[in-house]
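Please read the structure below before turning to the comments.
The values are calculated or read from the model by the stated rules, or taken from the named source; none is laboratory data. Please read these numbers as outputs of a predicted model, since none were measured by experiment. Neighbour counts run over all protein chains shown; Cβ positions are idealised from the backbone, glycine included. The area values use the complete protein model at the heavy-atom level, side chains included, leaving out ligands, DNA and RNA. Shrake-Rupley method; radii C 1.70, N 1.55, O 1.52, S 1.80 Å.
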Amino acid sequence: MRSSNPVFSRRGFSRDNGYAGFNTAPQAGGAAVGTQGNPYATGNPYAQPGAGGNPYAQNPYAQDVQHGAPQAPVATGNRMTMDDVVMRSAMTLGTVVVGAVLAWALLPVSSTSYGLAIGAALIAFVLAMVQSFKRKASPALILSYAAFEGVFLGVISEMFNSQWSGAPFQAVLGTMAVSGATLLVYKAGWVRVTARYARIGMTIALAFVLVMAVNLLLVVFGVAEDGGLRSMGPLGAIVGILAIVLGAFFLTLDFKQIEDGIAYGAPREESWLAAFGLTMTLVWIYIEMLRLVAIFSGDD
């Protein structure tokens, strides 16, 4: 099972990287090879049976699990920590905010600024895809993605604000509320990120994306009017709420990947990928929240 974010599913902390616990083969009786006594290995929903071998054997970041307890690592400074994730996330999100503020201040609402926003969004998408398929995290690439994403968000936020005053501020508060509530629910253990949980959620997410793609085509060719399922009416509100719930679902997968990456000794550079994935999810939630605020604000 892999995360929704392409950065996590392609590179992140997946079993292809060989970090501890993701490709351990089970022994008779359910214990994975090389995981006896590892407090993190048992019960890992991401473990892939039959992948073969103990990933600790060739992993320089692995823990010594002899006698049932991990020993002190030799090169602790090379491991990803929560502080690393927080710092890189702050840098990436900060770049998004700076880009948005500059775009808001320097690009007045017009057809030209709208075209620039679409161009920035396309560039951000391309940069995100390039990073997703790279073997290693590229801070310059990730920060460039954040900058162009910020320009896009700044322009569309100004457009929404010109018609629904205060909508961007409310959307920011809503995004923070959803993110904080999701983190609280996750840390409290009210949501367990298991393989079954992820399969069901990803099936729903895939169906949602496909339906939205079809809806977009219908709107472009004039078959569906007023945005179709993405209209500014009650139906659009229902779709928006579902999209925000899916965003919260993506966050739980991201939190699990980060937690496991730290526990299994992922290298420090992976914190950039964690920040990248979180930024993409938060941008998703903000855009959907912005639309939802506009819908509930009506024509005011």
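In this label model, Asp83 and Met129 are separated by 3.9 nm, measuring between points 7 Å along each Cα→Cβ vector. If the chain linking Leu102 and Phe296 were pulled fully straight, counting 0.36 nm for each residue of separation and taking away their Cα-Cα distance, it would gain 67.1 nm. How large a share of the accessible area of region 168-261, in percent, is made up of carbon and sulfur atoms when the probe is 1.4 Å and the other protein chains stay in place? The C+S portion of the solvent-accessible surface of region 168-261 is 76 percent. For Ile287, the accessible area of its heavy atoms, probed at 1.4 Å with every protein chain present, is near 50 square angstrom.
Across region 239-254, rounded Karplus estimates of 3J(HN,Hα) from the backbone phi angles (6.51 cos²θ - 1.76 cosθ + 1.60, θ = phi - 60°) give 5, x, 5, 4, 5, 5, 4, 5, x, 5, 4, 4, 4, 5, 5, 5 Hz, Gly and Pro being marked x. For region 79-87, the Karplus equation 6.51 cos²θ - 1.76 cosθ + 1.60, evaluated at θ = phi - 60°, returns couplings of 8, 6, 10, 5, 4, 4, 4, 5, 5 Hz by residue, with Gly and Pro reported as x.
Computed on protein heavy atoms with a 1.4 Å probe, the accessible areas place Phe160, Phe148 in the order Phe148, Phe160, largest first. Computed from Cα atoms alone, the Kirkwood hydrodynamic radius reported for region 157-300 is 16.7 Å. Take the Cβ atoms of Leu116 and Phe208, set R0 to 35 Å, and the FRET efficiency comes out at 0.80.
Normalised per residue, the accessible area of region 150-300 is 46 Å², obtained with a 1.4 Å probe and no contribution from ligands, DNA or RNA.
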